Amino acid sequence: MPSVTITDPDGVSQVFTAEDGEAVMQVAVRNKVEGLYAECGGSQTCGTCKVTVDPDWFDRLPPPGENEVSLIDGCPPNTRLSCQIRMSAATDGIVVRVADSQY
Ligand code: FES
């Protein structure tokens, strides 16, 4: 099973195991990671699941779609919606940090 390292806004890093196909957002919510609200449940309307992706991983992700681009516009570099990052062998070991501000 793939794993993801998630750092919360207080700087606490934890490694979580994920199901294949599960979104990083789902992993964070399931494990009650602080600071990630995911109010829309992954339908790309809330923008409250933002993470910054470690530079070593950012370019390995598929590019964001139109909805995601509109929600991360103006955010710090390497920001993505965690509901749009799917866990798989390709993302096994990915490292993300919950955004300091979700709004
Ligand atoms: Fe709402 Fe990701 S959970 S945009």
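Worth a mention:
- Single unsatisfied condition, Val53 versus (1) within 13 Å of the ligand (Cβ to nearest atom); (2) surrounded by 20 or more Cβ atoms within 10 Å (Cβ to Cβ): (1)
- Some residue of region 37-51 being part of a helix (DSSP H, G or I) and of a type in the set (A, V, I, L, M, F, W, C): no
- Verdict on Leu61 being without any contact (Cβ under 8 Å) to a residue 40 or more places away in the chain, aliphatic (A, V, I, L, M) and part of a loop (DSSP other than H, G, I, E, B): yes
- A count restricted to region 9-40 and to residues that are farther than 20 Å from Ser88 by Cα and either near the ligand (Cβ under 8 Å from one of its atoms) or of a type in the set (Phe, Trp, Tyr) (or both) stands at 4.
- Scan of region 7-32 for residues that are of a type in the set (A, V, I, L, M, F, W, C) and either open to solvent by less than 20 Å² (accessible area, probe 1.4 Å) or in a strand (DSSP E or B) (or both), ordered by number: Val15, Phe16, Ala18, Ala23, Val24, Met25, Val27, Ala28
- Out of Ser101, Ser70, sole residue that is exposed (fewer than 13 other Cβ atoms within 10 Å of the Cβ) and under 14 Å from the mean Cα position of the chain (by Cα): Ser101
- Scan region 80-95 for residues that are open to solvent by less than 40 Å² (accessible area, probe 1.4 Å), away from the ligand (no atom under 12 Å from the Cβ) and either touching a Leu at 6+ places or on another chain (Cβ under 8 Å) or outside any loop (DSSP other than H, G, I, E, B) (or both) and the total you get is 2.
- Test: residue in region 43-57 that is in contact with a Phe, Trp or Tyr (Cβ under 6 Å, 6 or more places away or on another chain) and farther than 25 Å from Met1 by Cβ: yes
The values are calculated or read from the model by the stated rules, or taken from the named source; none is laboratory data. In this text the structure is predicted, and so the values were computed from the model without any measurement. We place every Cβ from the backbone using ideal geometry, glycine too, and count neighbours over all the protein chains shown. Just the protein is used for accessible areas: all its heavy atoms, side chains included, with ligands, DNA and RNA removed. Shrake-Rupley method; radii C 1.70, N 1.55, O 1.52, S 1.80 Å.
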